[in-house]
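Undergrad: What follows is a single structure, and I will ask about it in a moment.
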Amino acid sequence: MKHAIVVGHPNVDSFNLSVARAYQEAAIALGYEVVLRDLYRSGFDPCLKDGEIPRSAGFEAAPDVQAERALIGDADVFVFVYPLWFNVPPAIVTGYVQRVFGLGFGYAAMKEGPAQRLLFGRQMISFSSSASAAEWLRTEGSWSAIQNLFDEHLSEVCGLTVIDRRHFGRVAAHTPAIRIEAHLREVKEVVSRHFTEPSS
């Protein structure tokens, strides 16, 4: 089983990168293959180009998108890690989804009826964080909106099965280290809970 982790945060020492590494360590410890896509460090361009918009005349993914698809195309589990800015994922994460998970990877166009879901049977997990309390997000309706617009829509279009969704609230520069450590343990527990050690 292969896990593809997609993480978007400009600070290499951020909580989000720590979450991605904790997941990576836990999955590797169980014997799984892991590819970590650190979007800021890799210099990924999130801007969809005019030539990437599907048209009747034809469509071909840009070279950088083709390279990403080659790296994560055989993944069984897609893991997204990101902060919430203005209560939405960063542009680099949404841009990655729009460019990489689009036509030819996440779905295929059909002459009639709905699009064919190309990632059917594969799994998806999301980890997000914010300085705001998780309770506030739920009260304001932001939590359900994020799930509907990101997790549920992406999974529905591509055929993914969402097996977990975790949000860590009140994460900021002054957050006590003991709380951060507890969050990272939770990330590792998610991995161990959902994935058993491969049989030899």
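The values are calculated or read from the model by the stated rules, or taken from the named source; none is laboratory data. Just so it is clear, the structure is predicted and the values come from calculations on it, not from any experiment. Quick reminder, even Gly has a Cβ in these numbers, built from the backbone with ideal geometry, and neighbours come from all protein chains shown. These accessible areas exclude ligands, DNA and RNA; they are computed on the full protein's heavy atoms, side chains included. Shrake-Rupley method; radii C 1.70, N 1.55, O 1.52, S 1.80 Å.
Undergrad: Do you know which residues across segment 61-89 are in contact with a Phe, Trp or Tyr (Cβ under 6 Å, 6 or more places away or on another chain) and under 22 Å from GLY141 (Cβ atoms)?
TA: Scanning segment 61-89 gives a single hit, PRO89.
Undergrad: Pairs, please: C-beta under 7 Å, at least 6 apart or cross-chain, first residue in contact (Cβ under 8 Å) with a residue 24 or more places away in the chain and in segment 57-79, second open to solvent by 20 Å² or more (accessible area, probe 1.4 Å) and of a type in the set (Gly, Ala, Ser)?
TA: Going by the 7 Å Cβ cut-off, the qualifying pairs are ALA61/GLY104.
Undergrad: Hey, among SER155, SER126, which residue is within 25 Å of ARG69 (Cα to Cα), open to solvent by less than 50 Å² (accessible area, probe 1.4 Å) and in contact with a Lys or Arg (Cβ under 7 Å, 6 or more places away or on another chain)? Walk me through it before giving the result.
TA: Working: SER155 fails: in contact with a Lys or Arg (Cβ under 7 Å, 6 or more places away or on another chain).
Answer to the selection: SER126.
Undergrad: Next question. For VAL157, are the conditions met, namely being touching a strand residue (DSSP E or B) at 6+ places or on another chain (Cβ under 8 Å), farther than 14 Å from PRO89 by Cα and assigned to a loop (DSSP other than H, G, I, E, B)? Talk me through it step by step, then tell me what you get.
TA: Working: touching a strand residue (DSSP E or B) at 6+ places or on another chain (Cβ under 8 Å): yes; farther than 14 Å from PRO89 by Cα: yes; assigned to a loop (DSSP other than H, G, I, E, B): no.
For VAL157, the condition - touching a strand residue (DSSP E or B) at 6+ places or on another chain (Cβ under 8 Å), farther than 14 Å from PRO89 by Cα and assigned to a loop (DSSP other than H, G, I, E, B) - is not met.
Undergrad: In addition: Pairs under 8 Å by beta carbon, first residue within 17 Å of HIS3 (Cβ to Cβ) and at pLDDT below 95 in segment 173-200, partner open to solvent by 90 Å² or more (accessible area, probe 1.4 Å) and among the aliphatic types (A, V, I, L, M), six or more apart or different chains?
TA: Listed pairs, sorted by first residue: PRO198/MET1.
Undergrad: On the given criteria, is LEU119 open to solvent by less than 20 Å² (accessible area, probe 1.4 Å), modelled with pLDDT of 95 or more, farther than 23 Å from VAL88 by Cα and not β-branched (Val, Ile, Thr)? Write out each step before concluding.
TA: Numbers: open to solvent by less than 20 Å² (accessible area, probe 1.4 Å): yes; modelled with pLDDT of 95 or more: yes; farther than 23 Å from VAL88 by Cα: yes; not β-branched (Val, Ile, Thr): yes.
Spelling it out, LEU119 is indeed open to solvent by less than 20 Å² (accessible area, probe 1.4 Å), modelled with pLDDT of 95 or more, farther than 23 Å from VAL88 by Cα and not β-branched (Val, Ile, Thr).
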